[in-house]
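Novice: Here it is, the structure in full.
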Amino acid sequence: MSATYRFVNWNRHKRVYNAAIAAGALLYVAGFVVISRFALPAAEGVGDEVLIMRALGSCALVLLHVILAIGPLVRLDRRFAALLYNRRHLGVTMFLLALAHALLALLYYGGFGVQNPIEAIFAAPLGPAGPPFEIFGLAALAILFLMAATSHDFWLATLSPRLWKWLHMLVYLAYALLIAHVSFGALHSDRSPLLAAALAAGVLLLTTLHIAAARRSRPPAPSAADQQGWIDLGPPAQIPGSRARLVCLPQGGSVAVFRDGNTFSAISNVCAHQGGPLAEGKIVSGCVTCPWHGYQYIAASGTSPPPYTEKLPTYQLRISAGRLMLNPRANPPGTHVTPAEVAP
Amino acid sequence: MLARQRKAHALIWPVLGPALLALLVWALLTRPASLDPAPGPGAAPADSRPPEAAP
């Protein structure tokens with residue numbers, strides 16, 4: 001959250017998370033090389049440099065699948081939300097692995113200085129075996145670099161959350177380029193059906209997860225307002241404790257109506273950080289907590305607790321004849337609204 | 001913003017997934033017949049890089 005600028009807000013959770021990622025990547029690369037060298041007959045005659053290159057590349061691709069699976073998994077089951085918090089760290093690690101793979105390939109195929117490595121890439125002709133896979137890999141690496149370089153919150157604030165999120169959707173283009181890179185590269189030089197099967201399984205898994213998540217998280221139809229302009233949300237008890245109900249407004253936009261004990265408050269559904277869906281979050285330590293990165297807001301005022309400075313629009317609520325009513329007109333961000341209360 | 005992005009996700013994957021699987025099948029169908037072809041007229045080398053590029 002934004003009180004003062006810090007390069008990375010390190011905490012114990014982030015250190016443990018990063019150490020686990022680094023250890024996992026190292027174990028994968030070492031395991032890949034050892035298993036290929038001693039257990040796979042197909043790897044006979046393949047140099048150590050090539051095995052390490054394959055280990056780095058496949059590790060990056062596996063990590064990209066994990067990264068792309070986190071979003072739909074969270075929408076399908078909130079228990080995966082903890083994986084979202086530092087997803088960018090996974091992304092930067094994935095880029096570094098891909099970069100190491102590319103640098104090793106450039107050096108190796110450039111004969112470690114015998115041939116200009118850039119020329120070695122572009123010298124690959126368009127033969128009968130398909131397009132040159134190196135170009136796909138290079139294009140994907142350029143996109144991953146752009147994403148890793150702009151992954152910091154400084155760029156999020158500078159570019160605006162909307163532009164930043166659209167920019168980072170280029171990951172799907174990078175993913176498609178990487179599938180093409182592997183399909184016309186490793187798949188053309190590897191007779192084993194294992195790689196093709198794993199690649200197809202990865203694409204199928206991601207496609208299924210994203211389609212299932214899209215079906216699951218369709219927003220509700222806009223609620224109609226009564227003659228006084230208020231929206232009937234039904235009995236207050238329908239909202240589970242410390243959770244929210246998402247309300248789509250007739251004029252567009254959406255509101256998260258939170259229950260905290262016997263009190264109810266309504267704030268904008270859009271987190272000020274990256275536009276996360278607050279209605280999918282919950283109340284933690286008395287504050288509405290975004291499910292994406294843990295940004296927090298006081299439900300009654302829409303303001304982040306001090307020293308943080310984020311503010312969200314708030315909405316008026318009232319209880320009428322045992323039903324919760326919402327005024328769809330937004331108050332200016334940070335406006336305190338007395339929570340509606342029901343008898344315990 | 002969020003609704004638009006989720007809509008974009010919902011539109012992207014039904015197209016992207018089958019397209020990538022089709023690409024995979026194409027790559028499998030165009031695999032070189034042999035990784036180590038015997039040299040001769042018309043034989044396509046598996047690795048067309050110049051010999052000096054090898055380490």
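Novice: Mind checking which pairs have a first residue in the range A:163-178 that is more than 10 Å from every other protein chain (Cβ to nearest Cβ) and a second that is open to solvent by 30 Å² or more (accessible area, probe 1.4 Å), Cβ under 6 Å, 6 or more apart or different chains?
Specialist: Short answer, once both residue conditions are applied: A:L177/A:F136; A:L177/A:A139.
Okay, residues lined up against (1) open to solvent by less than 50 Å² (accessible area, probe 1.4 Å); (2) in contact (Cβ under 8 Å) with a residue 24 or more places away in the chain; (3) touching a Lys or Arg at 6+ places or on another chain (Cβ under 6 Å):
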{"position": "A:H210", "(1), (2), (3)": "yes, yes, no"}
{"position": "A:A224", "(1), (2), (3)": "no, yes, no"}
{"position": "A:Q227", "(1), (2), (3)": "no, no, no"}
{"position": "A:W230", "(1), (2), (3)": "yes, yes, no"}
{"position": "A:P240", "(1), (2), (3)": "no, no, no"}
{"position": "A:A244", "(1), (2), (3)": "yes, yes, no"}
{"position": "A:V247", "(1), (2), (3)": "yes, yes, no"}
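Novice: Please go through the range A:249-265 and pick out each residue that is among the aliphatic types (A, V, I, L, M) and free of Cβ contacts under 8 Å to residues at least 40 places away in the same chain.
Specialist: A:A256
Novice: Can you tell me which residue is farthest from the other protein chains (Cβ to nearest Cβ) among those in the range A:253-275 that are buried (at least 22 other Cβ atoms within 10 Å of the Cβ) and in a loop (DSSP other than H, G, I, E, B)?
Specialist: For the range A:253-275, the residue satisfying everything is A:A272.
Novice: Return a yes/no flag: does the range A:321-336 have any residue that is charged (D, E, K, R), more than 14 Å from every other protein chain (Cβ to nearest Cβ) and not in a strand (DSSP E or B).
Specialist: Checked the range A:321-336: at least one residue is charged (D, E, K, R), more than 14 Å from every other protein chain (Cβ to nearest Cβ) and not in a strand (DSSP E or B).
Novice: Of (1) in contact (Cβ under 8 Å) with a residue 24 or more places away in the chain; (2) surrounded by 14 or more Cβ atoms within 10 Å (Cβ to Cβ), A:P220 satisfies all except one. Which?
Specialist: In the conditions (1) in contact (Cβ under 8 Å) with a residue 24 or more places away in the chain; (2) surrounded by 14 or more Cβ atoms within 10 Å (Cβ to Cβ), A:P220 misses (2) alone.
Novice: Only one of (1) buried (at least 19 other Cβ atoms within 10 Å of the Cβ); (2) in contact with a Ser or Thr (Cβ under 9 Å, 6 or more places away or on another chain); (3) over 30 Å from A:A279 (Cβ atoms) fails for A:R75. Which number is that?
Specialist: The failed condition is (3).
Novice: Ok, one more. When you look at A:Y295, is it in contact (Cβ under 8 Å) with a residue 24 or more places away in the chain and surrounded by 20 or more Cβ atoms within 10 Å (Cβ to Cβ), yes or no?
Specialist: yes
Novice: Shifting gears a bit: Would you mind telling me which numbered condition in (1) open to solvent by 40 Å² or more (accessible area, probe 1.4 Å); (2) under 22 Å from the mean Cα position of the chain (by Cα); (3) within 11 Å of another protein chain (Cβ to nearest Cβ) A:A186 fails?
Specialist: (2) is the only condition that A:A186 fails.
Novice: Those residues that are among the hydrophobic types (A, V, I, L, M, F, W, C) and surrounded by 20 or more Cβ atoms within 10 Å (Cβ to Cβ), I need them from the range A:197-208; list them, please.
Specialist: Those that are among the hydrophobic types (A, V, I, L, M, F, W, C) and surrounded by 20 or more Cβ atoms within 10 Å (Cβ to Cβ): A:L199, A:V203, A:L206.
Novice: Which of the residues belonging to the range A:192-229 are outside any helix (DSSP H, G or I) and more than 7 Å from every other protein chain (Cβ to nearest Cβ)?
Specialist: Passing the criteria: A:S192, A:R218, A:P220, A:A221, A:P222, A:S223, A:A224, A:A225, A:D226, A:Q227, A:Q228, A:G229.
Novice: Would you mind finding the one in A:Y315, A:Y308 that is among the aromatic types (F, W, Y), modelled with pLDDT under 90 and open to solvent by 10 Å² or more (accessible area, probe 1.4 Å)?
Specialist: A:Y308
The values are calculated or read from the model by the stated rules, or taken from the named source; none is laboratory data. Source: prediction; values computed, not measured. When we count neighbours, we look across all protein chains shown, and the Cβ atoms used for this are built from the backbone with ideal geometry, even at glycine. When the accessible area is computed, the model is the full protein with side chains, heavy atoms only, and any ligands, DNA or RNA have been set aside. Shrake-Rupley method; radii C 1.70, N 1.55, O 1.52, S 1.80 Å.
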